[in-house]
Amino acid sequence: MAGRIPEKFIDDLLARIDIVDVIAERVQMRKAGRDWSARCPFHDERSPSFTVSPAKQFYHCFGCGAHGSAIGFLMNYDRLEFPDAVEELAKRAGLTVPYEGGRAAPREDAGDLYDLLEAAAKFYRRQLDASASARDYFARRGLDAAIIARFNLGYAPDAWDALKNALGTSAARIALLEKAGLLTHGERGGKYDRFRDRVMFPILDRRGRTIAFGGRILTTPKTKSATSSGTDAPENRAVVEESGDGPPVFDSRAQDARTNEPTQDARKGGSGAKYLNSPETPLFHKGRELFGLWQVREANPKLARLIVVEGYMDVISLHQAGVTQAVATLGTATTRDHAEILFRQCADVYFCFDGDRAGRQAAWRALESVLPRMRDGRQALFLFLPDGEDPDSLIRSEGLAGFEQRLQAATPLSEFLFGELGKDVNLASLDGKARLAERARPLLAQIPDGAFRDLMLAELDRLTGVQVQVAAAAAPQRPRPRAQPAQRSLVRAAITLLVQQPALAAALQPPWMFAALRQPGVPLLVELIELCRARPGLATGALLEQFAARDEAKALQKLAVAEFPGGEDAARAEFVDAIAQLERQTRRQRLEDLRRQQAEAALSEAQKQELRELLAQVAGRT
Ligand SMILES: [Zn+2]
């Protein structure tokens, strides 16, 4: 189990870093008064509604409602888990994250895994230098030294324990190698290198760290000798070898389990899958990673498009030819996670598939995953390649210009969708039209509200002449937060002021008489005051971070960005006044309680005294 990160540490961390720096490294911002503004990285927009407040250490988008502290930003933007976002910021600030109660300190473990995978990449790289046949393979595929370096390609030697011997210097390291997916084991438990006699493709995460590998078998099976040479189209697909969710087929099946010794056949890779990926590990989830994305971001500070292809070699060839926006999924169909990651990078995503049946099926799955992500401004396009061609072969034969031309002529999502749905439907008949509408309805319902959805519905109308009713999309639109100062209750006003300026809490002294007030929000106000007093120096972002997992998070975030007229002094005066009014209300409430009790039964002496004092106080203040 992961150890808990103390809240105190989160406070200190957020106090040390500046959210503006963190976001500025990822999003181009412009100074706007005291704040910074930018076009929102979380939704598509033409004019900036994304604001970062240095004073509050908080970001907020008035368009889509995205908001949070520097931690939240990293979680959303870099798609990190909470502890990883904290780790990332801690590294910046030169702090070490303390973990409470975690026995095994799993984060350190993760750090070790990264180091180990990096060492493995280096090892494979050195082996490539040492292997004439591996270098020859890349040469035959037309890769130059620069592109081999850019993708850090390597070679896993034709041996059962090359990596294990090189890096598995202790039992703990061997266990770690296994955890990293680099070792596998036979039925008798003997451990050996997962990747053998393969050219290696390191898979990097969005921070450029090696998290897994893909390996392509080097030795071509003798039986296929006649056909395989040069650009071997079908084997270029990383997709074909793995089936569904099952474990990857690894080429040790032919290994002789009785002796734990490889057979000659397996040694030559004769029975191995052509492409083999690392299994799922704590660091690697193939449904959430894209091969080449790191290199894309390195090559394109401003990214206008992404091109999703099927194989590692496709990605690399395209990059070498100058199409530096190519990525590939990792032996899986395009997932919704992928779609979200893709569209976070840019607005236009091209899916490039074989023109055959399998390719069209893969394209359809991609379409299904992107539909719920098709917010306005986003575009998905589909490019189908001629029979027997893949991007690798195509860019060789047609060059950059030819490939660009094909991209220009790519099929828009709408056309592909209605084309596929209408394939075996006679649109001249009423029956056919009804069937098309029937098929399209659940798909169109997944598109978020907006102009694109309206256009798709209009197109369906045009095709069928039927007015289609579609249920509301799954993703509801967030309303724009509106400041309504006139309608704010006192409690709400006090909370708003406090969230915007946590230091105001210092102006109060306990006990909080108003804590007894029976009004919505009072317990929250008390909690906030106590929190702010216990942790002086807390900024808005850090304060909200404490509530991130709570039901109140959303409401607090709205209050944090509500417009509040007047400067710091005005806010302080208003806060003190609000609290004073709340105390008065509390007295009145107590007075009412005592009077009600008095009507039903006799009061104790102490209560009578209290009542007299309250009456005097209320009278005195009117
Ligand atoms: Zn936004």
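The values are calculated or read from the model by the stated rules, or taken from the named source; none is laboratory data. Fair warning: this is a prediction, and the values are worked out from it, not measured in the lab. Cβ: placed from backbone, ideal geometry, glycine included. Neighbour counts: every protein chain shown.
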- Does the stretch 124-139 contain at least one residue that is under 30 Å from Asp337 (Cβ atoms) and modelled with pLDDT of 95 or more? yes
- Query: Using beta carbons and a limit of 8 Å, which pairs, at least six apart or on different chains, have the first residue in the stretch 594-622 and in the same structural domain as Ala580 (by TED's automatic domain parsing) and more than 20 Å from Glu583 (Cα to Cα) and the second one modelled with pLDDT of 85 or more and surrounded by 11 or more Cβ atoms within 10 Å (Cβ to Cβ)?
  - Reply: Gln597/Gln607; Gln598/Leu611; Leu603/Leu594; Leu603/Leu611
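Any idea how many residues of the stretch 305-338 are of a type outside the set (Asp, Glu) and part of a loop (DSSP other than H, G, I, E, B)? If you could, list the steps in order and put the result at the bottom.
As a first pass, look at the stretch 305-338 and keep what is of a type outside the set (Asp, Glu): 305-309, 311-313, 315-336, 338.
Subsequent filtering for residues that are part of a loop (DSSP other than H, G, I, E, B) retains 311, 322-325, 329-335.
Counting residues in the stretch 305-338 that are of a type outside the set (Asp, Glu) and part of a loop (DSSP other than H, G, I, E, B) gives 12.
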- Message: Could you check the stretch 339-361 and list, in sequence order, the residues that are of a type outside the set (A, V, I, L, M, F, W, C), in contact with a strand residue (DSSP E or B) (Cβ under 7 Å, 6 or more places away or on another chain) and assigned to a loop (DSSP other than H, G, I, E, B)?
- Response: Gly355
- Task: Go through Leu176, Leu204 for me and flag whichever is modelled with pLDDT of 85 or more, touching a helix residue (DSSP H, G or I) at 6+ places or on another chain (Cβ under 6 Å) and surrounded by fewer than 21 Cβ atoms within 10 Å (Cβ to Cβ).
- Result: Leu176
- Query: Do we find a residue being under 51 Å from the mean Cα position of the chain (by Cα) and under 23 Å from Asp18 (Cβ atoms) anywhere in the stretch 573-588?
  - Reply: no
- Among residues of the stretch 1-28 being more than 16 Å from the ligand (Cβ to nearest atom) and assigned to a loop (DSSP other than H, G, I, E, B), the residue farthest from Pro372 (Cα to Cα) is Pro6
- In the stretch 420-435, which residues are more than 39 Å from the chain's Cα centre (by Cα) and of a type in the set (D, E, K, R)? Asp431, Lys433
